[in-house]
Amino acid sequence: MNKKQKKMLIRILTAAVCMVVFSMLSVSGYLRFALFMVPYLIIGYDILKKAGKGILNRQVFDENFLMAVATLGAILLGEYTEGVAVMLFYQIGELFQSYAVGKSRRNISELMDIRPDYANVEKDGKVEQSDPDEVEIGSILLVQPGEKIPIDGVVMQGTSALNTSALTGESLPREVKAGDEVVSGCINMTGVLRIRTTKEFGESTVSKILDLVENASSRKSKSENFISRFAKVYTPAVCCGALALAILPPLASMFVFKLSPQWGVWVYRALTFLVISCPCALVISIPLSFFAGIGGAGKEGILVKGSNYLETLASAKYIVFDKTGTMTQGVFEVNGIHHNRISEEELLEYAALAECYSAHPISKSLKNAYGKDIDQNRVADVEEIGGNGVTAKVDGKTVAVGNGKLMKRLGIAYEECDQIGTVVHVAVEGGYAGHILISDRLKPHAKEAILELKKTGAENLVMLTGDSHAAAAHTAEELGIKRVYSELLPADKVAKTEELLAQKREKEKLAFVGDGINDAPVLSRADIGIAMGALGSDAAIEAADVVLMDDDPLKIAKAIRISRKCIRIVYENIYFAIGIKLLCLVLGALGIANMWLAIFADVGVMVLAVINAIRALFVKNL
């Protein structure tokens, strides 16, 4: 408990003891009134103060106003114990709610306890401790075992194991060595690392993730917006209803039925009606459910940008995948060189040099297969043609490296390959030089991920890829995906997504899962974009609605299950709270429900709804 909560607990205990003691005393009149005003003011002075401020600011109809009117009215009617008890139990509910929200926030802050407090910067052979915000790009950082990596960079010296669990939810450490890229927020576990920074702190992974988490609550779901609108209409309506209940029946008794008006009875019923009507359970538990759902997902390395995306994900029936880097490892290897008119070494050299400026996985595989240092001074006039390949001048010769589309575009006759994999054709000075066969491997859990998605009811599984028909069909068959569209340019992927969006029913949602780097247009166009393997990827964090912080495709099904559990809890709370309220309102109006039942209808329902909302935090075994 924090200091504020401890003070509230002391107030609750003090007021409760006073109420019990004074109830046992055989006193009456003004003395009894004065005695009970002591616990009432101890426990309720802040509620009265907030109600007064609301009236002055012309924002009258809120739960503070309802509590103030109901409890003061009960005391004026001589129901001292009930008046104090209503305020006491209301504050107990508020304390419980404060603790529950605090627990949810602590879970998220513990998960995101990745903001570094300092950075050890090497300057002129000395190490100085600096604020991460002040570290410039290209600075050399020294990271000792047990310290957080403060800013994204490249390891210059040292080997170590990194704990990435705060970012990815993955418990296994990641081994790094000189030349490897590392991201902020990871904890260095074993060796000393010298890291050259490649970004400023404000642009680093840790800063972007913290910004996502902090702003997640600002993107409200339809359910939350409904509750906000509902409360604005509901509260004034029940106040008018309570006023009518206090006035109309007595007047009808006097002038229509010629009976005693019994003002005290009807005013008491109206006050009971007010206590029952307080919408705390809805106003508090619905946002708390989404907040807990986002926190629970974050624990598993699934960052959801807002509760509206959590709500959309729960309705996902169409799951559309990119292939490379999403369902496959994206770690390509050269498996063969065929139909070559020049030596294999020359062919690889031309291909690697032409692709030297590209960060695409295929380009990396060509450079790895070449295995020598690349002199970029030998390369000029590089032109990348989206979905086709690249052309460049290498040692003054025109070189084209890409797929069959590029060869057709350049009017070069090429040889087909009868083996499964990605085929990279190479042409030198307008003549065909041969092709390189590159193959990718499925991710370890890719097949299992498809089975789990089918269990969630997402039967419409589709793969979109720029790869060849043969390679795409082979991967789709391995995974068990029946619908696959291949040889697509980035614009074609967007067009195909538009087609699928037009096919689905209105309530069904389409999720696109991509690697977040070259799939940004489709991630943005889908009902919900999910970025895979996005650790350190700026494009993914910007374009996607949900970011999976590791490469495990099993997290897609888990994200859907988390969202559905959260939405189920939200609707449970809505139906439960409104149902109990309506029942007790009718009983209160008929005089069957007294102030004690009103306390349960208000505080009891709120406590039960908050307990239910906290269940959204626990998602480990989903």
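Charged side chains reduced to their Cβ positions (Lys and Arg at +1, Asp and Glu at -1) give the chain a dipole of some 3740 debye around its Cα centre. The mean sequence distance of close C-alpha pairs (under 8 Å, at least 6 residues apart), as a share of the length of the stretch 227-297, puts its relative contact order at 36 percent. The rule of thumb for compact globular proteins, 2.2 N^0.38 Å, goes into the C-alpha radius of gyration of the stretch 543-622 1.60 times.
Amide H to amide H, with H built 1.01 Å from N, Asn460 comes under 5 Å of Ile319, counting only residues 5 or more places away or on other chains. Distance between the 7 Å Cα→Cβ label points at Val60 and Ala491: 6.2 nm.
Going through the cross-link list Lys364/Lys405; Lys208/Lys317; Lys504/Lys565; Lys317/Lys482, which pairs have a Cα-Cα distance over 19 Å in this structure?
Where the Cα-Cα span goes over 19 Å, the pairs concerned are Lys364/Lys405; Lys208/Lys317; Lys504/Lys565.
Mind jotting down the distance between the C-alpha centroids of the stretch 578-616 and the stretch 461-506, whole Å? For the stretch 461-506 versus the stretch 578-616, the Cα centre distance is 51 Å.
For the chain, with all protein chains in place and a probe radius of 1.4 Å, 56% of the accessible heavy-atom surface sits on carbon or sulfur.
Report the gain in length on full extension from Tyr45 to Glu344: 0.36 nm times residue separation, minus Cα-Cα distance, nm rounded to one decimal.
On the way: separation 299, 0.36 × 299 = 107.64 nm, distance 8.55 nm.
Net length gain for the segment: 99.1 nm.
Could you pull out every whole DSSP H run in the chain that spans at least 30 Å of Cα extent along its own axis and averages 0.5 or higher on the Kyte-Doolittle scale? Long hydrophobic helices here: 3-24, 29-56, 222-255, 554-589. When Leu597, Leu76 are compared by accessible area of protein heavy atoms, the largest-first order is Leu76, Leu597, using a 1.4 Å probe. Computed with every protein chain present, the accessible area of Met1 is close to 110 Å² [probe 1.4 Å]. Across the chain, C-alpha contacts under 8 Å between residues 6 or more apart give a mean separation that, scaled by the residue count, equals a relative contact order of 15 percent.
Dipole magnitude for the stretch 283-367: computed about the Cα centre from +1 point charges on Lys and Arg Cβ and -1 point charges on Asp and Glu Cβ, it is near 480 debye. Here r is the Cβ-Cβ distance between Lys232 and Arg568 and R0 is 35 Å; the resulting FRET efficiency, rounded to 0.05, is 0.85.
Summarising the overall dimensions of the chain from its C-alpha atoms, the Rg and Dmax are 32.8, 113 angstrom. Between Lys443 and Thr328, Gln329, the built amide H atoms are under 5 Å apart, and every one of these is 5 or more places off in sequence or on another chain. With the convex hull of the Cα atoms taken as the outline of the stretch 315-439, the averaged projected area works out to 8.7 nm². Taking a straight Cα-Cα cut-off under 16 Å and skipping sequence neighbours fewer than 8 places away in the same chain, the lysines within cross-link reach of Lys4 are Lys103. Built from the Cα atoms of the stretch 460-580, the convex hull projects on average onto 8.9 nm², one quarter of its surface area.
The chymotrypsin sites (Phe, Trp or Tyr not before Pro) found in the stretch 237-273 that occupy coil by DSSP, while having at most 13 further C-beta atoms within 10 Å, are Phe257.
Distant-in-sequence amide contacts of Thr422, defined by a placed amide H-H separation under 5 Å and a gap of 5 or more residues or a different chain, comprise Ile438, Ser439, Asp440. In loop segments of the stretch 252-334 as defined by DSSP, the trypsin sites (Lys or Arg not before Pro) with at most 12 further C-beta atoms inside 10 Å of their C-beta are Lys258. Roughly how many whole Å is it from the C-alpha centroid of the stretch 48-79 to that of the stretch 364-389? The distance from the Cα centre of the stretch 48-79 to that of the stretch 364-389 comes to 73 Å. Think of a 1.4 Å ball rolled over the protein heavy atoms: the chain then has 46 Å² of accessible area per residue.
The values are calculated or read from the model by the stated rules, or taken from the named source; none is laboratory data. If you're wondering where the values come from, they're calculated on a predicted model, not measured in any experiment. Cβ sites come from the backbone with ideal geometry, for glycine too, and all protein chains shown count toward neighbours. These accessible areas exclude ligands, DNA and RNA; they are computed on the full protein's heavy atoms, side chains included. Shrake-Rupley method; radii C 1.70, N 1.55, O 1.52, S 1.80 Å.
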